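S.K.: To start, I am sharing the structure in question, which I have written as structure tokens.
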Amino acid sequence: MTDAEPTPTSARSTPHERSLAGFERSGIDYAITEHGPVNSLEEAAAARGVQPRDVIKTIVVRISEGNYIFVLIGGDRQIDWTKLRHHLGVSRLHMPSADEAFEATGFVRGTITPFGALRAWPVIADSHIVDRTVSIGAGDHGVAATVRANDVIEALGAQVADVSE
């Protein structure tokens, strides 16, 4: 894998504005939900009108220096690192620090989304999200987009693989 292409951004735009612009560029149907602070996955799901498994976590993973991927995974699951390494054909993967994740994406942890990220890193969508209506972050705490997972997968050119447990 090589460095991803930069996505169009404005130096004056906020992460949420970049995310919304990313959703618009994608052409997929989405509905934005804004809610206050939540303290659990269950609270986030209730505020967004979905099941906990349908709250999509976007996890940025470092493959090598300066080379990242996004992994989309349901809220009730976690990455199976063995499966992910096998899928990518690599022996090591790293979770970047909060600062490194921000530098790679332009989003702070808890708000990371492929839509409007500073670079269009490759995306892997866990197979358990296929054919579902899901809620994915929209660049700020307490803001999410409700979308069809299959639309997200197509718009982002995501690879679908079983990478969770």
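Derivation of every value follows stated rules applied to the coordinates shown; laboratory data play no part. If you're wondering where the values come from, they're calculated on a predicted model, not measured in any experiment. Don't worry about glycine lacking a Cβ; one is built from the backbone with ideal geometry, like all the others, and counts go over all protein chains shown.
S.K.: Quick one: in the stretch 33-60, of everything that is among the hydrophobic types (A, V, I, L, M, F, W, C) and within 11 Å of the chain's Cα centre (by Cα), which residue is surrounded by the fewest Cβ atoms within 10 Å (Cβ to Cβ)?
M.R.: The initial filter retains those residues of the stretch 33-60 that are among the hydrophobic types (A, V, I, L, M, F, W, C), namely 38, 41, 44-47, 50, 55-56, 59-60.
In the following step, the residues that additionally are within 11 Å of the chain's Cα centre (by Cα) were identified as 55-56, 59-60.
Values: 55: 23, 56: 25, 59: 18, 60: 21.
That would be 59.
S.K.: Mind checking whether some residue in the stretch 125-134 is over 13 Å from residue 60 (Cα atoms), crowded, with 19+ Cβ neighbours inside 10 Å and in contact with a Phe, Trp or Tyr (Cβ under 9 Å, 6 or more places away or on another chain)?
M.R.: No; the residues of the stretch 125-134 include none that is over 13 Å from residue 60 (Cα atoms), crowded, with 19+ Cβ neighbours inside 10 Å and in contact with a Phe, Trp or Tyr (Cβ under 9 Å, 6 or more places away or on another chain).
S.K.: Does residue 34 count as in contact (Cβ under 8 Å) with a residue 60 or more places away in the chain and under 21 Å from residue 143 (Cβ atoms)?
M.R.: On the way: in contact (Cβ under 8 Å) with a residue 60 or more places away in the chain: yes; under 21 Å from residue 143 (Cβ atoms): yes.
Yes: the conditions hold for residue 34.
S.K.: Those residues that are of a type in the set (Lys, Arg) and either assigned to a strand (DSSP E or B) or loosely packed, with under 15 Cβ neighbours inside 10 Å (or both), I need them from the stretch 13-32; list them, please.
M.R.: At the first step, the residues of the stretch 13-32 found to be of a type in the set (Lys, Arg) are 18, 25.
The answer is 25, and nothing else.
S.K.: Limited to the stretch 63-83, what total is found for residues that are more than 16 Å from residue 161 (Cα to Cα), under 14 Å from the mean Cα position of the chain (by Cα) and not small (Gly, Ala, Ser)? So that I can check it myself, show each step before the final result.
M.R.: Step one: of the stretch 63-83, the residues more than 16 Å from residue 161 (Cα to Cα) are 63-68, 75-76.
Narrowing the set further to residues that are under 14 Å from the mean Cα position of the chain (by Cα) leaves 68, 75.
Imposing the further condition that a residue be not small (Gly, Ala, Ser) reduces the set to 68.
Of the residues in that region, 1 qualify.
S.K.: Looking at residue 116 and the list (1) closer than 20 Å to residue 144 by Cα; (2) among the small types (Gly, Ala, Ser); (3) surrounded by fewer than 17 Cβ atoms within 10 Å (Cβ to Cβ); (4) under 16 Å from the mean Cα position of the chain (by Cα), which single condition is not satisfied?
M.R.: (3)
S.K.: Is it true that residue 130 is of a type in the set (A, V, I, L, M, F, W, C) and either farther than 19 Å from residue 27 by Cα or within 14 Å of the chain's Cα centre (by Cα) (or both)?
M.R.: For residue 130, the condition - of a type in the set (A, V, I, L, M, F, W, C) and either farther than 19 Å from residue 27 by Cα or within 14 Å of the chain's Cα centre (by Cα) (or both) - is not met.
S.K.: Looking at the stretch 117-139, which of its residues are under 12 Å from residue 72 (Cα atoms), touching a helix residue (DSSP H, G or I) at 6+ places or on another chain (Cβ under 9 Å) and among the small types (Gly, Ala, Ser)?
M.R.: Those that are under 12 Å from residue 72 (Cα atoms), touching a helix residue (DSSP H, G or I) at 6+ places or on another chain (Cβ under 9 Å) and among the small types (Gly, Ala, Ser): 125, 135, 137.
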